Amino acid sequence: MKTNLKKRVDRAIGKAVHDWNMILENDRILVGVSGGKDSQVLLKILFSLQKKSPVKFDILPVHIDAGFEDSFAKEFEYYVKNNYGRLKVEYKDYGVFAHSSKNRENPCFLCSRLRRKRLFEIARENGCQKIALGHNKDDLIETLFINICYAGKIGTMKPRQSFFKGALDIIRPLAYV
C-alpha cells in the first residue's frame with residue numbers, strides 16, 4: 001500500500017516526466033548517483049518506473065568518488081548492486097584537486113564541474129542519450145536566486161535541457177518534488 005507521501009512524489013515525478021517528455025522508447029539513461037537522498041530516491045523511482053512503464057528504457061547508475069578520505073563508495077556500490085543490480089563507480093581526485101592550493105576561488109564549483117564533465121564522457125562512452133540528476137524543486141529555486149544575486153540574471157535549471165546540439169539531454173525527474 002502506498003503512503004500519501006509516496007503517492008504525491010510518484011505523481012509529481014510522473015507529471016514532470018510527461019510534461020517534459022523526459023523518457024522515450026529505448027532511451028539509455030545514465031543516472032548520476034551521489035549517494036545523497038535525492039539521487040537515491042531518483043534511482044529507486046526510475047527502476048520502479050522501468051518495471052511498470054510501457055516505454056522501454058535502460059538505466060546505467062554512475063557514482064563518481066571525488067577522492068576524499070573516508071569514502072563510502074565501496075559500501076555504496078555494494079548497496080546499489082544488491083538492490084538494483086549494478087553501479088559504475090569511478091574513483092577520481094577531483095575533490096582533493098579542487099580543494100588544493102592550486103584552486104582557492106571556489107572548490108565546490110570546480111569539483112562539481114569536473115564530475116559533471118566526466119558524467120558527460122561516460123554517457124557518450126556508453127551510448128546514453130540522457131543523464132538523470134536528482135535536482136528537485138528546491139534546487140531549481142535556489143539556482144534562480146544564485147543567478148539573481150551573483151550573476152545579475154533571471155534563470156534557473158530546466159527540468160530537461162539539451163547539450164551538444166541535442167546529442168545529450170540532462171533530465172531532472174524530481175523537478176516538481
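The values are calculated or read from the model by the stated rules, or taken from the named source; none is laboratory data. Note that the coordinates shown come from a computational prediction; the quantities given were computed from them, not determined experimentally. Here the Cβ is made from the backbone with ideal geometry for all residues, glycine too, and neighbour counts use every protein chain on show.
Taken across the range 70-85, residues that are in contact with a strand residue (DSSP E or B) (Cβ under 6 Å, 6 or more places away or on another chain), exposed (fewer than 14 other Cβ atoms within 10 Å of the Cβ) and among the acidic types (Asp, Glu) do not occur at all. For the range 130-177, the candidate set comprises residues that are surrounded by fewer than 17 Cβ atoms within 10 Å (Cβ to Cβ) and either closer than 16 Å to Pro61 by Cα or small (Gly, Ala, Ser) (or both); within that set, the residue that is nearest to the chain's Cα centre (by Cα) is Ser162. Checked against the criterion of being touching a strand residue (DSSP E or B) at 6+ places or on another chain (Cβ under 9 Å) and loosely packed, with under 12 Cβ neighbours inside 10 Å, the range 117-127 contains one or more residues that satisfy it.
Residues are listed down the side, and each one gets a yes or a no for (1) closer than 18 Å to Asn136 by Cα; (2) more than 11 Å from the chain's Cα centre (by Cα); (3) not aromatic (Phe, Trp, Tyr); (4) not in a helix (DSSP H, G or I):
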{"residue": "His18", "(1), (2), (3), (4)": "yes, yes, yes, no"}
{"residue": "Ile23", "(1), (2), (3), (4)": "yes, yes, yes, yes"}
{"residue": "Ser34", "(1), (2), (3), (4)": "yes, no, yes, yes"}
{"residue": "Gln50", "(1), (2), (3), (4)": "no, yes, yes, no"}
{"residue": "Asp58", "(1), (2), (3), (4)": "no, yes, yes, yes"}
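Scanning the range 87-124 for residues that are modelled with pLDDT of 90 or more, charged (D, E, K, R), assigned to a loop (DSSP other than H, G, I, E, B) and more than 10 Å from Gly67 (Cβ to Cβ) yields a total of 0.
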